[in-house]
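Below is one structure; the comments refer to it alone.
The values are calculated or read from the model by the stated rules, or taken from the named source; none is laboratory data. Bear in mind that the values here come from a model prediction, so they are computed numbers and not experimental data. Backbone-built Cβ (ideal geometry, glycine too); neighbour counts: all protein chains shown. Keep in mind that these areas ignore ligands, DNA and RNA; they rest on the heavy atoms of the full protein, side chains included. Shrake-Rupley method; radii C 1.70, N 1.55, O 1.52, S 1.80 Å.
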Amino acid sequence: MKLMPCPVNGLRPVSEFVYGGEYRVMPDPDQASDVQWADYVFNRTSLPGIKREWWYHQPSGTWFIAERDVQADVVHRTYLPGEGPAT
Amino acid sequence: MTRLPRQPDEWIDRTQPLEFEFEGRSFSGFRGDTIVSALCAADVRLLGRSFKYHRPRGVLSAANHDINALVDDGRSLNVRADVTPLAAGMQLAPVNVFGTLAQDSASRIDRFSRFLPVGFYYKAFHRPKWAFPRWERAIRNLSGLGRIDTDAPRVRTPNRHAFCDVLVIGGGPSGMSAALAAAKAGAKVILAEENARLGGSLTYAIGAATNIRDTLAQFTREIGGHANIEVMTGTFASGIYTDRYVTLIDATKMTKVRAGAVTVATGVMEQPAVFRNNDLPGIMLGSAAQRLIHRYAVQPMRTAVVLAANTEGYAAALDLHWAGVSIAAIVDPRIEPERSDAADALATLKIPVLQRCVIREAVADAEGLGVSGVVVCNLSGREQPDLATRRTIACDGVAMSVGFAPANGLLHQAGARMRFDERIQQFVPEELAPRVFAAGRVNGVYELTDRLRDGERAAARALRELGIGSPNVEAARLVPPRCPTHPFPIVEHPDGKNFVDFDEDLTVQDFFNAVQEGFDSSELLKRYTTVGMGPSQGKHSNMNALRILARARNLSMAELGTTTSRPFIHPVPLSHLGGRGFTPVRLTPLHGRHERAGAVLMHAGVWLRPEYYAREGKNRSQCITEEVMAVRRGVGIIDVGTLGKIEVSGPDACKLLERVYTGRFDNLKVGMTRYAVMLDESGVVIDDGVVARLSEEHFYFTTTTTGAAAVYRELQRWIAQWKLNCGIVNLTGAMAAINLAGPRSREVLAKATTLNLDGAAFPYLGAREGMVAGVRARVLRVGFVGELGYEIHVPADRALHLWDTLMAAGAEAGIAPFGVEAQRLLRLEKAHIIIGQDTDGLTTPQEAGLDWALKMDKPFFVGQRSLRAMSSRKLKQRLAGFALPPEYTGPAPKECHLVIRGGDIAGRVTSVAYSPSLSRVIGLAMLPPELAVPDSTFQIRIDGGTMIEAQTVAVPFYDPRGERQRANLVELQTRKSSKEAS
C-alpha cells in the first residue's frame, strides 16, 4: 500500500486518503463559452507526466494538492491550496 | 526409503508419533515431519499423478514446488504435501487420480501424448462443431486439481498488521546475518522464514562442511536471544507492494508488514536436469534428497546415481553416502573435474566419477512406477551424447544437482532490473527499488563466508538509508569463483518424455514446436505452452524453458529476458485473503430500542436502519400499512439520526451555502428552514437537505443519509479553494435526530417541551432551539411525510432519553414507531423525491421537477453554468406521478421496471407502492416530456414481460395543497369534525 505525504499529518497510508481528481482552475462562468465550459467540466488529460491533483486526508479533513508523476506513481510534493507555487 | 537413525539436527520429534491415513492406508510419522517425509519414511515413493498425462510422480524438490504431490485433507484443497506439516488423524487423498495412485485409469492418456501436443486444445476438436461441447466436457472432467466442497465451513482468518525498520525475507545464512547485523545496530527487525526452522541451506546442504552446524547453532542462539528481532517461521512473503508493504502468509493468518527497508534473502531454487523419463518417482533434486536426510532422517534411496554439475552436487553425494546410500556413480557433464572438499572425500571413498558424461534417459522399473536404472553416455565435442558409449547403471534413485534459479520474484515485483551474469549463469539484480536490498544467493553470492558478508552489506545499506547507526558499507557484490549452474542441463531424445515443466507436463519438443509455430518470445512461449502457468509458477521450469528458447533462436539469455513476476509467490488460501470479513456498519444510538421493538433491519448506506417493525401475526405489508396509517391518523415516530448533519458558521457561512446550493439563503430569516438542492459541476442533482438559519452567521443543515460524508468533504474543498472565512463541523455522529409526525404530533411534543408550539409562534418550516425532554434541542418543522411534523435534533448521548420521553408522552395518542419503508411510502404519497432513487447520475433538476428550487438569477452556484448551457436544449425526460386504476389487482410494477412505447424503452419506474391512504398503486416514473403531463396513459413492462397500463396523475397524490403539514391543530380538528358531519 502506498504512503502519501499529507502536508499536515506527514506520511500516512493511502487508504486514509480520498483522491479528488485533477486540480483545475475554473474558468469565469460568465466569460467562458459553452465549449470552454464543457471542456472544463468533462475533459481530463490522461497524458503521463507530473500532474497536480486534489487529495483529501479523511481522518483530519485536510484537502491538499499533490504533484504526482502519474506514470511512475511517485508523489514529488504536497501542499495546502494556496500555499504552493502559482496556485 | 526408510527412516534413518537419529540425525544431528533432525526436525522430527521421535517422542511424538502421529497416526494418519493416505489413500485409506494407515501410516505413522512424527511431529516435525511433512506429509511427504512421513510417507517417504514408510517407503511410499509414488505420491501423485501428473496433470496432463497422469504419469506417476514422487518427490522432486521437497521445497514447495512439488505440484504432483498435492493432497486433499477433506477440508483444504491442493495441500502441498512436500511442505505441509503432518498432523495427527489426517485423512489424505491424492488429487487428480481416477482410481488409485498405483492404478490410475487416466494414465493411458500418456500413451496418446503424441497426439496431444502443446496447444492441442486450440487446434483439435473444433470440427464437427456439434462435437466440441462433448470434447470440452470430457477435457474439463479430466483436468483440474481437487474438488471443492461447497459445504465446507467458513474459516475466519485474522489479519495482523506489523511494522519494522528492516524486514528480512528468508532465514538462510545471508538473511540471518542481515537480520542480526541490523538488530545489533538498533533497528527493529522482522525475520520471515518459509520453513519450520531458521537456517536455510545450513540445515541440509552439509557434505564435507560439518562445521556449518556450529555456524547455524550460533546464529540461532544469537537471533533467538535478540530483543530487536521477531522471528516468524513457517511464513513466506507472498508479495511486495508499493512503499515496502509486504504480505506475510503463515498457516493461520496474513500479516501485513510496513517496513522501512526490505532485505530479500530468498536464496535460489535448485533446477531439474532434463532427460527422458526424468520424472520417474525416485528421481529428485540433490537438495530434496539432502532435506529428506538431514531434516527428517529419511533415506531417500538405496542405490543412487548422482548427476552433478556443481560443488553442491558433490556435497549431496557425500550426504547420501553418509546416509547409507550406495552411490553407483557420479555423472558429471563438465570438462574440468570438480575440486572441493566433498570431491576429495568421495575420491577417498572410491566412488566412481563419470566425467564428461550425461544421463540420456532413466529406465522405469517393471511396474512403471519407479526408476530401475539410468542410461549414461559420454558427451561428444558438440555437447551431444555419444550413443556408442551408452551403458545402463542400475539404481533406484537419482539425485540431480545441475544448477539453480534465483528466487527473485519479490525483487521483480518491487521493480528491480535484472542482468544475466554469464559467469554464474544466473539473473542477478542490476538495479534495485528504493530501500529494497538483495543478499546471498539470490544476489549471486555463493560461498558461505561471502553470503554472511553479503547479508551484513545489505543490512548496512538499509541502515544507512534509514539513518540508524553509522554503518560501514562495502560497495561490491562478491562474485563466486565458480559457476554453480550448468548452462544447458538438457538432453534431447527422439522419444521425448524429457520433462521441463512438471506442473503442465511439457517436454523439450513442445518448446521447439511452439517456437516453430512462431511463439518465440518469452511471453508468447509462456502463454502458448503454458510453461510456468501451473501451480508452481515456473519455479522449476522457467529457466530451462528460456534456455531452450535461447538455443532455438540462437540468442543469449541476456537478450531474451524473463517473463513478469507477479504476486503471489506461493498460492495463498482464499480464506487468508478474505480475512475476517470486516464490513463495518453504523448504528444510531437508538438501535437497541429498535431491536426491542421488533425492527427488521436494512442497510442504508453505511447504516443499519429499521425497515419496519414486525408485529405478531402480521406480515410485512400489513405492518408497513399500519405504520403509515398511524402517521396519517395519529402520530408516528422515526429515528432519522442517519441524516447527514452539518453546521457552518462564520462571516462567509451564507456565501458558502449560496454557492453550493441552488436556492437563496441570504434572504432566509433567522429561525426558518429552507429545502436545499446540491448539483455537481455538470448540473446533475447529487444531494438535498434542509438548511436552518440559527443566527445571521450560523447555519445547521441536513444531507441525505448516503451523501453525508461526500457532501461534507466537498464543502471543505470549496471552502479551501474559495478561501472562505467560515468553519464547518460534521455533526452526523454527534447529533441524533427523531422525527415526530402526524396530526397529533404537536399534542405529544407539547407534553415534553417548553417551546411554544402554537402555529403562529412556530410555523411550518420554522426552526427553534429550546428544551425538549429537558435536553437542549434543535427542532425543525418539516413536512417530508406530508403531515404536521417536528424533527428534533439532540446530542447523540441524549437520544435514548428523548425517545423514551416521546414514547411515554405519545402513549395515550397511540404513538407508533415507523421504519424506512413506511417513510418512503408516506413521502411517495407527497411525491417528495429521494435523490439517488428517483434521480440517477445524469438527472438534472428540471428532469426531477425541481425547477422551483433553482435560483438562476443568483450570481453563481455550482452547476449553474452547465444548466445555462443546457437551457436551450429540449428536455429529454421528466419525473411524473402515475397511478394504476383503483380496481387493478394484478401484480404491481417494481422500481426500475421499464416504460415501453412502440416497442422501445421510453422511461422507467423510479418509485412505486400501494398507497393505503389512496387505496391504489401509485408511483413516480421518468417519462418523455410529452407523456409527463397529467392524464396521459403509458405501458409498463413488469416481471414476466406482461404489459400493464398506467396513467399519469398530478402530484402530490395526497393532500395536494399541503394543508396537513402546514396545519395547526385547531384547523385540522375543525375540518375533521365538519367532514364527519357531512
For the stretch B:557-586, give me each residue that is in contact (Cβ under 8 Å) with a residue 60 or more places away in the chain, assigned to a loop (DSSP other than H, G, I, E, B) and among the aliphatic types (A, V, I, L, M). B:I569, B:V572
With the first residue restricted to the stretch B:746-764 and required to be more than 17 Å from B:E791 (Cβ to Cβ), and the second required to be among the aromatic types (F, W, Y), Cβ contacts under 8 Å at 6 or more apart or on different chains are B:N756/B:F762
Hey, does the stretch B:886-899 have a residue that's open to solvent by less than 60 Å² (accessible area, probe 1.4 Å) and either farther than 19 Å from B:A932 by Cβ or over 42 Å from the mean Cα position of the chain (by Cα) (or both)? yes
Check on B:I359, within 27 Å of B:S201 (Cα to Cα), of a type outside the set (K, R), in a strand (DSSP E or B) and open to solvent by 10 Å² or more (accessible area, probe 1.4 Å): no
Of the residues that make up the stretch A:45-57, is at least one open to solvent by 90 Å² or more (accessible area, probe 1.4 Å) and facing another protein chain (nearest Cβ under 8 Å)? no
Check A:D30 against each of (1) open to solvent by less than 40 Å² (accessible area, probe 1.4 Å); (2) facing chain B (nearest Cβ under 9 Å); (3) over 19 Å from B:V711 (Cα atoms) and name the one condition it does not meet. (1)
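I need a count of the residues in the stretch B:848-890 that are among the small types (G, A, S), in a loop (DSSP other than H, G, I, E, B) and within 14 Å of chain A (Cβ to nearest Cβ). Give the derivation first.
Filtering the stretch B:848-890 down to residues among the small types (G, A, S) leaves B:848-849, B:853, B:863, B:866, B:869, B:871-872, B:880-881, B:883, B:890.
Then keep just the ones that are in a loop (DSSP other than H, G, I, E, B); that gives B:848-849, B:863, B:871-872, B:890.
From the residues that got through so far, the ones that are within 14 Å of chain A (Cβ to nearest Cβ) too are B:863, B:871-872.
Number satisfying all stated conditions: 3.
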All positions within the stretch B:918-955 that are more than 45 Å from the chain's Cα centre (by Cα), open to solvent by less than 40 Å² (accessible area, probe 1.4 Å) and within 10 Å of B:A883 (Cα to Cα): B:A950, B:T952, B:V953
Just need a number here: residues in the stretch B:536-556 that are open to solvent by 20 Å² or more (accessible area, probe 1.4 Å), in a helix (DSSP H, G or I) and either among the β-branched types (V, I, T) or touching a residue at least 60 places away in the same chain (Cβ under 8 Å) (or both). 2
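In this structure, is B:E193 modelled with pLDDT of 80 or more and within 30 Å of B:G286 (Cβ to Cβ)?
Yes.
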Cβ pairs under 8 Å, 6+ apart, first in the stretch B:713-736 and facing chain A (nearest Cβ under 10 Å), second assigned to a helix (DSSP H, G or I) and among the aromatic types (F, W, Y): B:I728/B:Y712; B:N730/B:Y712
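Looking at A:A66, is it away from chain B (no Cβ under 12 Å), farther than 25 Å from B:R865 by Cα and of a type in the set (A, V, I, L, M, F, W, C)?
Numbers: away from chain B (no Cβ under 12 Å): yes; farther than 25 Å from B:R865 by Cα: yes; of a type in the set (A, V, I, L, M, F, W, C): yes.
The answer is yes for A:A66.
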Restricting the stretch A:12-26 to residues that are touching a helix residue (DSSP H, G or I) at 6+ places or on another chain (Cβ under 8 Å) and open to solvent by 40 Å² or more (accessible area, probe 1.4 Å), the residue that is nearest to the other protein chains (Cβ to nearest Cβ): A:M26
B:G819 fails exactly one of the following numbered conditions: (1) at pLDDT 95 or above; (2) surrounded by fewer than 21 Cβ atoms within 10 Å (Cβ to Cβ). What is the number of that condition? (2)
Residues of the stretch A:72-85 being away from chain B (no Cβ under 13 Å) and outside any strand (DSSP E or B), which ones? A:P85
Taking the stretch B:172-216, which residues are under 21 Å from B:P85 (Cα atoms) and in contact with a Leu (Cβ under 8 Å, 6 or more places away or on another chain)? B:G172, B:L191, B:A192, B:L198, B:G199, B:L202, B:T203
Failed criterion for B:V155 (all others in (1) open to solvent by less than 40 Å² (accessible area, probe 1.4 Å); (2) assigned to a loop (DSSP other than H, G, I, E, B) hold): (1)
Candidate set: the stretch B:700-712, residues that are in contact with a strand residue (DSSP E or B) (Cβ under 7 Å, 6 or more places away or on another chain) and within 14 Å of another protein chain (Cβ to nearest Cβ); chosen: the one surrounded by the fewest Cβ atoms within 10 Å (Cβ to Cβ): B:Y712
Of all residues in the stretch B:102-131, count the ones that are of a type in the set (A, V, I, L, M, F, W, C) and open to solvent by 70 Å² or more (accessible area, probe 1.4 Å). 3
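If only one of B:G689, B:G641 is assigned to a loop (DSSP other than H, G, I, E, B), out of contact with any Asp or Glu (no Cβ under 6 Å at 6 or more places or on another chain) and crowded, with 22+ Cβ neighbours inside 10 Å, which one is it? Before you say what the answer is, go through the steps one by one.
Values: B:G689 fails: assigned to a loop (DSSP other than H, G, I, E, B).
It is B:G641.
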From the list B:V785, B:V748, B:V779, B:V772, pick out the single residue that is in contact with a Gly (Cβ under 6 Å, 6 or more places away or on another chain) and surrounded by 23 or more Cβ atoms within 10 Å (Cβ to Cβ). B:V748
Neighbours by Cβ (under 8 Å, 6+ apart or cross-chain): first from the stretch A:43-56, outside any strand (DSSP E or B); second open to solvent by less than 100 Å² (accessible area, probe 1.4 Å) and among the hydroxyl-bearing types (S, T, Y): none
In this structure, is B:G617 farther than 28 Å from B:R868 by Cα, open to solvent by less than 40 Å² (accessible area, probe 1.4 Å) and in a loop (DSSP other than H, G, I, E, B)? no
B:E523 is checked against (1) in contact with an Asp or Glu (Cβ under 6 Å, 6 or more places away or on another chain); (2) in contact (Cβ under 8 Å) with a residue 40 or more places away in the chain and fails just one. What number does that condition carry? (1)
Applying the selection to the stretch B:94-107, what residues are more than 18 Å from B:T150 (Cα to Cα) and touching a residue at least 40 places away in the same chain (Cβ under 8 Å)? B:P94, B:N96, B:V97, B:F98, B:T100, B:L101, B:A102, B:D104, B:A106, B:S107
Is it true that some residue in the stretch B:224-240 is surrounded by fewer than 18 Cβ atoms within 10 Å (Cβ to Cβ), over 34 Å from the mean Cα position of the chain (by Cα) and either away from chain A (no Cβ under 14 Å) or of a type outside the set (D, E, K, R) (or both)? yes
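Picking from B:N739, B:N730, which residue would you name as being of a type in the set (S, T, N, Q) and open to solvent by 20 Å² or more (accessible area, probe 1.4 Å)?
Being of a type in the set (S, T, N, Q) and open to solvent by 20 Å² or more (accessible area, probe 1.4 Å) holds for just one of B:N739, B:N730, which is B:N730.
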